[in-house]
Structure formats: C-alpha cells, structure tokens
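Single-structure report; data block below.
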Amino acid sequence: MDMADGDLVRACHAVHVAAQEADDPQQEPPFSLQLFTALLTHGWGYDPAEAWYVPAGSTAAAGPSGVAAWCRVVLPDLENRDRAFIEPVVHPAFRRRGIGRGLLAHGWRRAAAGGRRFLDGNAIQGSAGEAFARSLGAEPGIVDARRILDLRKVPAGRFADLQAQAVPHAAGYSMLRWTGATPEAALGGVAGVLNAMNDAPREEGWFEDDIWDADRVRARGDMSVRLGGQLGYSVAAVHEETGEMAAMTQVFVDPGEPAWGRQGLTGVTRPHRGHRLGLLTKAAMLDWLATAEPGIERIETNNAEANSYMIAVNETLGYELAEPGAQFFALPVRGLLAGGETVQPFAQQRLLRAAECRLVWQDGAQCPGSAARPRVPDSGLLAGDGGDRGLPENAQQGRVTLERAAFPRPRAGGRQRGASR
C-alpha cells in the first residue's frame, strides 16, 4: 500500500468502517480517517509495519477505486522480535471467498521472512474472526473484557465524592494534569508508569517486557495525539517527597465523535500501590472531562478478565460490562524445512485430504532430493477444514506425508509447549 495515495487509504478506511459496523454489536464509532491513516503508517508505538490491500476487481490493475480487504503486519523492533502482529480486515460484501485466508498466508510469509516465530492477532468474541482463528488451531490467549461508562447515568457529584473518599489514603501525593503530548518535564515519569504496565495480566511466557525511558516516550509515545488528530487528556499523581510520578491515567477524544471517549493507559507504579491512586486519578479525570469535554456521553475501556484490581476501580466509577470483548490468539510461523527452503505457508500447506501430496514451493526453490520443483494444481489450494497442521520433513522424490494434527491444539487452560518470550 502506498500511504501517499490518499484515495487508496480512504478506500481502506471505508472497509474498516463497514467491518466495524458489521462486527461490533456495541456500535462503537470507527477510527477517524486521520487516526486510521496514522495507525496504518506508524502503529500505536511506531513499530515497523507493512500494509497491503486486495482490490475489489479481479486484478491489481483495478486500482484503489474499490478495495475488498486490507491487512497490516507489525514487526516489533525493540522487544518481542520473535513475533509479528497481523490485522486482516475484509469488507462484509467480500467475505467467505478465501480472501482472509489469502491475507493470512501473505502475512505468514512476511513474518517468516522477518525471522518471526509467532503470528499474533485478536478478534471480537463470537465474531467470524474468532471462528476463523479457532479453525486454524490458533492458541487462545487472554480475553480483554470491555466496559462502557455511560456518563448520562452517573449521579451529579459522584466523581467528586469518590475523590474525597480516596484522598485520605493518598496523603503525600499531589495531582498533575496536561492536555496533548507528554510535556518534556514529565517524560521520565510517564516512562516509569508505562514500565509498571509490565505487571498487568498477560499470556504467561508469550511476551517480553516493554522497557521505556524518557527518550522512547519522546520518540514513540503519544502517536494518536501527534498524528491521529485525537485530543489527549492526562492526569497523574506525584509523590511529593521523591518527586516520582506514581500513577497516571489517560483518555482520548476524537473531535469528530465528541460523544465518545477512549480510555488509554491507567497505571500505578509498584512502590506506590495501595494508596487508591488508580481510583483517585480516574475520578479526577472524569471530573475534569465534565468541563473540558461536556459533550462526552460514554467512555470505553478494556481490561484483561484477570485484572480484578482495575476492574474493581472501573466498576466503582460506574463502568458496566459491554460484551463481547476481544480474544487474543497466536499461531506458530511454520513452513521452513531443514534445508532452509521455504514452503508456501498455511494456505498452500493445507492442500489435500489425501495421505500424500506434492508441495508448492516459492519460486526458485528446489525440492530436496529432487531436481525438479513439484507443483500442485491451483484448484487444490485452500481445500480442507482446518484440521491439518504442519508438514514434517519427508521430501524424498519430491513428496511429503501430510500428517493430521502434527501441531496439537492447545490444552484447556494450558499453553502450547515451546512458546517462549
């Protein structure tokens, strides 16, 4: 995707809007065109990424006048460099034609080319995306439970009362707030709160800790404000004796959707927990927004289902569970044989139900033990129902045995062996 092509980006944004309307029963507003463009180009944290699209016509010559689907592949460059994140989005009018599988196969190839071992993604629970992920044998991770605060239901003075209840527990702390990007004087403190998020519940053994410092916040923080056109509001608690930033919460508002707010980070650093700083900063934020953004009616937040502490804070503030949430998934990046030759991954591994089949190789590759490259007719691609997993090495005379369930499904409540940080 050429991100300088405004018509193409707008066409992909239209797919995002249509998919959001079809897949999300809560009807949260889609990302604005400006935020969508910034996400495609830079992602939330400026990790390297690639964006691809599928023309609605039969060939690429159809151009951007119609887009059937798009896909973003994120390749982290600081932590988690063994993983890639994929976001395939297919317009509802073009679903059930194999486009999603094609996008996944392409993302799989890009992840393999980047040396990644795992391909991550997420989907709304109960959606076609979740069914698709499970049909692939993807390992499920944590569920992010969504909650929405309807400010129209909150009694007058509620947030001021909550602040008053929290203040006696927060002696020795003062409040700091700002709008927009992080000010220079707060960069180090924000980095400390971001590092505190490494304690939040997550998939055991899947991810490395994100390590932030002031330089990284300056270079890679605040993307949605700097480039996405969002209005950002931040409230922090500062420990008066040490000057350390002890807690922070953020909310973002799209000027085009002033009735909705999106909760950003809320974190409390380990040395300062137990002083109700999470409740204090969030209640102070909501009190502030009542005057700074009087048009806000609802605010959306997401927490891991296991994050009982933050869920308790949110429910005290009046947030209500708004199902469905989002399920996280991971797939291993497979398809490399011992000799280093690359098999066309996934879509072309799932070729036939027969006991044996011939491989499709990427152009230019040689089949080990054979002078000729084996091929499979195009009509055989994408056959099967998701039961086949992986291709063991057995390439004598250009043939392999296709073993069923060579990569086991996850055990209930468990983790795939071999998954590592």
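If each residue of separation counts as 0.36 nm, what is the full-extension length gain between Gln26 and Leu136 once their alpha-carbon separation is subtracted?
36.9 nm
Putting +1 on Lys and Arg Cβ atoms and -1 on Asp and Glu Cβ atoms, find which of Gly192, Phe159, Gln125 reaches farthest to the positive end of the dipole of region 123-219.
Of the candidates, Phe159 comes out farthest on the positive side.
Rank Ser32, Ser234 by accessible area, highest first, at a 1.4 Å probe radius?
Working: Ser32 30, Ser234 5 Å².
Output order, biggest surface exposure first: Ser32, Ser234.
For region 211-252, what is the Kirkwood estimate of the hydrodynamic radius, computed as the reciprocal of the mean inverse distance between distinct Cα atoms, to one decimal in Å?
Roughly 11.8 Å, rounded to one decimal.
How long are the semi-axes of the ellipsoid equivalent to region 123-280, from square roots of 5 times the Cα gyration tensor eigenvalues, in whole Å, largest first?
Details: eigenvalues 166, 91, 68 Å².
After scaling each eigenvalue by five and taking roots: 29, 21, 18 Å.
Sorting Arg202, Arg276, Arg152 by accessible area (1.4 Å probe), largest first, what list results?
Ranking Arg202, Arg276, Arg152 by accessible area, largest first, yields Arg152, Arg276, Arg202.
Given 4 °C and 1.567 mPa s, how large is the Stokes-Einstein diffusion coefficient of region 85-161 in µm²/s, with Rh as the Kirkwood radius over Cα pairs?
83 µm²/s
With a ≥ b ≥ c the root eigenvalues of the C-alpha gyration tensor of region 182-233, is it rounded (a/c under 1.5), prolate (a/b larger than b/c) or oblate?
prolate
Would you mind computing, in nm to one decimal, how far apart the modelled labels at Trp44 and Arg96 are, each placed 7 Å from Cα along Cα→Cβ?
Output for this residue pair reads 3.3 nm.
Where does region 198-322 land on Rg/Rh, using Cα atoms and the Kirkwood Rh? Spell out each step's value before the answer.
Working: Rg = 15.2 Å, Rh = 15.9 Å.
For region 198-322, the value is 0.96.
Give the long-range amide H neighbours of Ala304: residues separated by 5 or more places, or on another chain, with amide H under 5 Å away, using H modelled in the peptide plane at 1.01 Å from N.
Amide H to amide H, under 5 Å and 5 or more residues apart or across chains, Ala304 pairs with Ala145.
Give, in nm to one decimal, the length gained when the segment between Ala290 and Glu323 is fully stretched (0.36 nm per residue of separation minus the Cα-Cα distance).
Working: separation 33, 0.36 × 33 = 11.88 nm, distance 2.60 nm.
In short, 9.3 nm is gained.
Solvent-accessible area of Tyr46, probe 1.4 Å, all protein chains present, reported in Å² to the nearest ten, please.
50 Å²
How large are Rg and Dmax for region 1-158 when only the alpha carbon atoms are used, in Å?
Expressed in Å, the Cα Rg and Dmax of region 1-158 come to 17.0, 60.
What distance in nm separates the two pseudo spin-label positions at Glu297 and Asp150, each 7 Å out from Cα along the beta-carbon direction?
1.0 nm
Where q = 0.17 Å⁻¹, what log10 of I(q)/I(0) comes from the Debye formula for region 70-130, counting one point per Cα?
For region 70-130 at q = 0.17 Å⁻¹, log10 I(q)/I(0) is -0.58.
The values are calculated or read from the model by the stated rules, or taken from the named source; none is laboratory data. Worth saying up front: this structure is predicted, and the values here are computed from it rather than measured. Using ideal geometry, Cβ is built from the backbone for each residue, glycine included, and neighbour counts are taken over all protein chains shown. In case anyone asks, the SASA skips ligands and DNA or RNA and just uses the protein heavy atoms, side chains included. Shrake-Rupley method; radii C 1.70, N 1.55, O 1.52, S 1.80 Å.
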